[in-house]
Amino acid sequence: MMYDYIHVGEENTNYRLLLGRANGQLIDDMAFSNNSQFATWDRPDYYSCATHQLAGWWYNYCAYALLNGVYHYGGKYTPTGSFYNGIYWKDWHGYDYSLKTVTMSLRNR
């Protein structure tokens, strides 16, 4: 997935994520996190997703794409309690499939 614009805000915005138009062959699951603040276990989001999913991320009632989740060796896995915490892209393989690798790259324009 490529975006024509990505902006991560300053600390005083809790590193709010702003995404532009997406271009790719997958459903844009990151769009669900657009305009969300970055949350961690010690700076939790409203639903405590960072605590339950064991990952810092841009949560909007958890996430459709979690690229900073727990590494489960790739493939199907069982959730911890009622929360999936693997590295996932929901509309590609589902919440219960942990991706083996992901890459996030930025380039200056």
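Coordinate-derived values only; no laboratory data. On a predicted model such as this, the values are computed, not experimentally measured, just so you know. FYI the Cβ positions are ideal-geometry reconstructions off the backbone, even for glycines, and counts take in every protein chain you see.
Asn14 sits among other residues whose Cβ lies under 14 Å from its own Cβ, and their net charge, with Lys and Arg +1 and Asp and Glu -1, is -2. Averaging 1/r over each pair of different alpha-carbon atoms in the stretch 33-109 and inverting the result gives 12.7 Å, the Kirkwood hydrodynamic radius.
Extension gain, Leu26-Tyr47: 0.36 nm per intervening residue step, less the Cα-Cα distance, totals 4.9 nm.
Fewest neighbouring Cβ atoms within 10 Å first, the residues His7, His93 line up as His7, His93.
The stretch 61-78 and the stretch 8-54 have Cα centres separated by 15 Å.
Taking each DSSP H run with n ≥ 4 as -39500 (n - 2.57) and averaging over every residue of the chain yields -1000 deg cm²/dmol at 222 nm.
Charged side chains reduced to their Cβ positions (Lys and Arg at +1, Asp and Glu at -1) give the chain a dipole of some 240 debye around its Cα centre.
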